[in-house]
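Scroll down for the structure; my scribbles are underneath it.
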Amino acid sequence: MNVESSTVDDPVMPPVVYVPCAVDENDERHAVLRYTNDGRIALLVYTALDRLHRCAGDVPWALMDWAGLECIQEEESFDMIIQDIYIPEDIR
């Protein structure tokens, strides 16, 4: 995962984030990826558990560090990370 240096206007990413997940038939959790309006694939992350619940609802989640996010990138190949975004209830 390429990480560019941040500027004053860039959000600061904490050492761990909460990642919304789907649970498969074996009770394994998999990160949920979303398509953006322009067709890119986004990984949604939340910087606090209360933000996850407020913005994404009562969903399964995994606490991940940067190494975990890199593993998702290697397996799923997302284009971007979106932090603390509100998901309207009708599309959760």
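Of the listed values (1) 5.7; (2) 5.2; (3) 6.8, identify the label whose number matches mean projected area of the Cα convex hull in nm² calculated from this model.
Here mean projected area of the Cα convex hull in nm² agrees with entry (3).
Using a Förster distance of 22 angstrom, determine the FRET efficiency expected from the C-beta separation of His53 and Asp90, and round it to 0.05.
That pair, His53 with Asp90, gives E of 0.80.
Does the stretch 49-92 come out rounded, prolate or oblate, given a ≥ b ≥ c as the square roots of the eigenvalues of its C-alpha gyration tensor, rounded meaning a/c under 1.5 and, failing that, prolate meaning a/b above b/c?
Judged from the Cα gyration tensor, the stretch 49-92 comes out prolate (a/c at least 1.5, a/b above b/c).
Leaving out ligands, DNA and RNA but keeping every protein chain, what accessible area does Asp90 have, in Å² rounded to the nearest 10, with a 1.4 Å probe?
Accessible area, nearest 10 Å²: 130 Å².
The values are calculated or read from the model by the stated rules, or taken from the named source; none is laboratory data. It should be emphasised that the depicted structure is a prediction, and the values quoted were computed from it without experimental measurement. All Cβ positions, glycine included, derive from the backbone under ideal geometry; neighbour counts span all protein chains shown. Keep in mind that these areas ignore ligands, DNA and RNA; they rest on the heavy atoms of the full protein, side chains included. Shrake-Rupley method; radii C 1.70, N 1.55, O 1.52, S 1.80 Å.
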